[in-house]
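Below is one structure; the comments refer to it alone.
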Amino acid sequence: MSGRPGRHTERAYRLAALALALGAGVAVFLVATRLFPHHSLNHDEGVYLQQAAMLLEGQLFVHPPVPEAFRPWFFVETAGGALYPKYAPVAAAMFAVGELLGVPRLALAGIAAGNVALTYTLVAEVFDRRRGILAAVLLSASPLFLINSAAFLPYAPTTLLNLTFAVAYVKSRQTGSVRLAAVAGAAVGLAFFSRPYTAVLFAAPFVAHALWTLRGLDRETVGCQATTAALGLAGVGVALGYNAVVTGSPVVFPYEAFAPQDGLGFGHRQILAHEEQYTPELAVRANAHVLALLFGEWVVAGPVGTLLAAVGVGAVCRRAYRERTGDWRQLALAGLFVTVAVGNVYFWGNLNVLGELGEAGDGLVAFLGPYYHFDLLVPTAAFAAHGVVLVSERVRRGLATRVPDTERRRRVGVALAVVGVLVVAAPAGVVLTDPVQRNADVTGTYDQAYEPVDEVESGALVFLPTPYGDWLNHPFQQLRNDPDFDGDVVYAISERQFEVVDAYPNRSLYRYTYRGVWAPPTGDAVTPRMQPVDHVAGERVVLDLNLDIPSGVERVSIRLASEGGETYYVTNGTPETASMSLVVDDGRARVRGVTPVSENATVSVDDRDELLLVAFADYGVGNGFSYRAELPTATESGQTRALTPYLERCERPLRCGGEAAYIPDAQNRTGITHDLRATNETANATARSSE
């Protein structure tokens, strides 16, 4: 009978852990769906989701019809025009499970629940079940855990693998189970495949223990450790094999193929146009800042949680020092503070997440936290739980000494417990509020930016703007293509537009444009528009433009430019509406209805060109605004083709060319109407008047 209460207690702890894990999964699902409905500021999410879709189709590469127009963010192009992501497919494979279930974010909930359950299991093994439950609670309440687990990023999935390794390794050492040793090896091998350096830093304290245990050459120990090592190395082999398939070399990782200087080490570091001289001094300074943010704002209760973890670590280290030995499991868990913190100094990504190093609240760290240190959440929660128990036990002993009355001691103990909960809960709520509000502000800008997307019907081809360079899904993560580039809606950037149109001859065409600065971190939203696009072709193409001219304008000057040159015109006087026609035929372009300023009133037009017409309405002394029309053209076999022009109204010259799209009814005083048409009978399309 004596063992029965113990079994009931054990079952109660397990049920509590299960409830906590499920609760954490639900919380993360709600954060993912409510706070990140359009995904986060980290555009790597789109990379992993694109990769997950590829894996479900059995593809490691995608083959777009026009690679320049369909290259997703962080994809590498091969010599043959195929594309592959710069990341390993492990996290994407986990996210693909959610895709299979029809609700992708269920994968995020499952990963979060798994991390909480494994944290309980690990801490219960290393300390006891009470501390395990507390650690699960503290992990679930950590801002970095809640925010980062709700994004399609690899840090929580890799931690799930690392925790699986740690739990299996600890249990295999206690039981001598070769099967658990195999699980540990497989998990750490997969973690290496997912994020090699992260896996190495996490495994290092346990590897140190494994090497220490081999000194006695015990057969059972050697067998278990050999099994773990063999399967771990098998994971390394799989990673190298994947490298060989996608990059052509087993020792060249995809991220290295994308940006050879974007990796570990000091000195010159670079990814795309961003480069830095990453010195050891800069590395230490940046990582000190990252750790200060982690322990001050992103672990549970911020400084309070950090102080409790310090109490727990201090107690373990003091005991080990006094006894000249200690529980290796606790020491290995504490060792993560050293290996993860010191190891990350060698990686310049921790500088990049900070944005401007001296500016508070800058960079992705302000929105998603110091995610390269995600693994430190587990030992922090574990030792904070240990600290809570130690402090509570000391308080209880103090009460027993100073308050002899049992009933009074109980009341005082309850009051102190409530105060203790408030001491932790209040800062926990405070540290969570700021990142939630910052991300909510970003989501508000996305809500407005994506509003016109619902107007697009199935069977459309949409040209997207490129505020961050010639990439898809950067920033428009939500607007992704299927792996075969033939989904209900196809998205492309405005590169080689006519080749793209020819590749999709039966689709309706749209152009997504916006007015304003694309800067979601500031909380400022753009005014978007989904513009229908017409495709015309004939011996001659004519673009009629009618531009509203407000009173007070003294003159209107027009510049027409092509790849082959430019010419100028002026209007006759300052009418209320400046009407003109841009005519393209016989390899030349000109503007009718206005007065030429140059002797040569035409410009040559290349086989593929983008004609630019700028009309500057001058109030005097250079003060005024511009209308701008970009007309894509193609000339071949005596025919000229054109697409509906991209139209802008520019208050500031520097905003032209991407952030000043003309939005009907967005301005009260001025507007544009246009009509694009082909003028011969063989034209295969005629545009309608719009705006």
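The values are calculated or read from the model by the stated rules, or taken from the named source; none is laboratory data. Nothing here was measured: the structure is a model prediction, and the numbers come from that model. All Cβ positions, even for glycine, are placed from backbone atoms using ideal geometry, and neighbour counts span all protein chains on display.
So which residues in the stretch 156-169 are buried (at least 24 other Cβ atoms within 10 Å of the Cβ) and not aliphatic (A, V, I, L, M)?
PRO157, THR158, THR159, ASN162, PHE165, TYR169
To keep it simple, each residue is scored yes or no on (1) in contact with a Cys (Cβ under 6 Å, 6 or more places away or on another chain); (2) without any contact (Cβ under 8 Å) to a residue 40 or more places away in the chain; (3) surrounded by fewer than 24 Cβ atoms within 10 Å (Cβ to Cβ).
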position	(1), (2), (3)
LEU100	no, no, yes
PRO104	no, no, yes
LEU139	no, no, no
LEU144	no, no, no
THR175	no, yes, yes
ALA184	no, no, no
VAL188	no, no, no
TYR197	no, no, yes
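Among the residues of the stretch 294-303, which ones are surrounded by fewer than 20 Cβ atoms within 10 Å (Cβ to Cβ) and of a type in the set (A, V, I, L, M, F, W, C)?
Selection gives nothing.
Quick check on this structure: which one of THR198, THR227, THR221 is modelled with pLDDT under 95, β-branched (Val, Ile, Thr) and either in contact with a helix residue (DSSP H, G or I) (Cβ under 6 Å, 6 or more places away or on another chain) or part of a helix (DSSP H, G or I) (or both)?
Criteria check complete, one pass: THR221.
Please work out if ASP534 is among the acidic types (Asp, Glu) and within 30 Å of GLY363 (Cα to Cα).
no
Among (1) closer than 18 Å to PHE347 by Cα; (2) in contact with a helix residue (DSSP H, G or I) (Cβ under 9 Å, 6 or more places away or on another chain); (3) small (Gly, Ala, Ser), where does GLY235 come up short?
Single failed check for GLY235: (1).
Restricting attention to the stretch 112-130, and to residues there that are of a type in the set (D, E, K, R) and in contact with a Phe, Trp or Tyr (Cβ under 9 Å, 6 or more places away or on another chain), which single residue is surrounded by the fewest Cβ atoms within 10 Å (Cβ to Cβ)?
Across the stretch 112-130, the extreme among qualifying residues is ARG130.
I want to confirm something. Restricting to the stretch 549-579 and keeping residues that are surrounded by fewer than 17 Cβ atoms within 10 Å (Cβ to Cβ) and among the charged types (D, E, K, R), which single residue is farthest from GLU630 (Cα to Cα)?
Ranking the qualifying residues of the stretch 549-579, first place goes to GLU554.
Exactly one condition in (1) assigned to a helix (DSSP H, G or I); (2) exposed (fewer than 15 other Cβ atoms within 10 Å of the Cβ) is not met by GLY80; state its number.
In the conditions (1) assigned to a helix (DSSP H, G or I); (2) exposed (fewer than 15 other Cβ atoms within 10 Å of the Cβ), GLY80 misses (1) alone.
Please state which of the following conditions TYR468 fails to meet, knowing it meets all the rest: (1) out of contact with any Gly (no Cβ under 8 Å at 6 or more places or on another chain); (2) part of a loop (DSSP other than H, G, I, E, B); (3) at pLDDT 95 or above.
(3)
Among (1) touching a helix residue (DSSP H, G or I) at 6+ places or on another chain (Cβ under 9 Å); (2) within 30 Å of GLN59 (Cβ to Cβ), which single condition is LEU291 missing?
(2)
So which strands (runs of 3 or more DSSP E) are wholly in the stretch 566-650 and hold at least 3 residues that are within 23 Å of PRO550 (Cα to Cα) and hydroxyl-bearing (Ser, Thr, Tyr)?
So the answer is 577-585.
In the stretch 241-252, which residues are surrounded by 15 or more Cβ atoms within 10 Å (Cβ to Cβ), of a type in the set (A, V, I, L, M, F, W, C) and without any contact (Cβ under 8 Å) to a residue 60 or more places away in the chain?
VAL252
Report, ordered by the first and then the second residue, all pairs with beta carbons closer than 6 Å, sequence separation of six or more or different chains, a first member in the stretch 469-484 that is under 12 Å from PHE75 (Cα atoms) and touching a residue at least 60 places away in the same chain (Cβ under 8 Å), and a second member that is part of a loop (DSSP other than H, G, I, E, B) and not hydroxyl-bearing (Ser, Thr, Tyr).
Matching pairs, first to second residue: TRP471/TRP73; ASN473/TRP73; ASN473/ARG480; HIS474/HIS43; HIS474/TRP73.
Considering (1) at pLDDT below 95; (2) assigned to a helix (DSSP H, G or I), say which one PHE367 fails and leave the rest.
Every condition holds for PHE367 apart from (1).
Answer with yes or no whether ARG319 is assigned to a helix (DSSP H, G or I), under 28 Å from VAL424 (Cβ atoms), at pLDDT below 95 and out of contact with any Leu (no Cβ under 6 Å at 6 or more places or on another chain).
Spelling it out, ARG319 is indeed assigned to a helix (DSSP H, G or I), under 28 Å from VAL424 (Cβ atoms), at pLDDT below 95 and out of contact with any Leu (no Cβ under 6 Å at 6 or more places or on another chain).
Test ASN546 against the stated conditions and say whether it is loosely packed, with under 15 Cβ neighbours inside 10 Å, over 41 Å from the mean Cα position of the chain (by Cα) and on the phi < 0 side of the Ramachandran plot.
Here the answer is no, as ASN546 does not meet what is asked.
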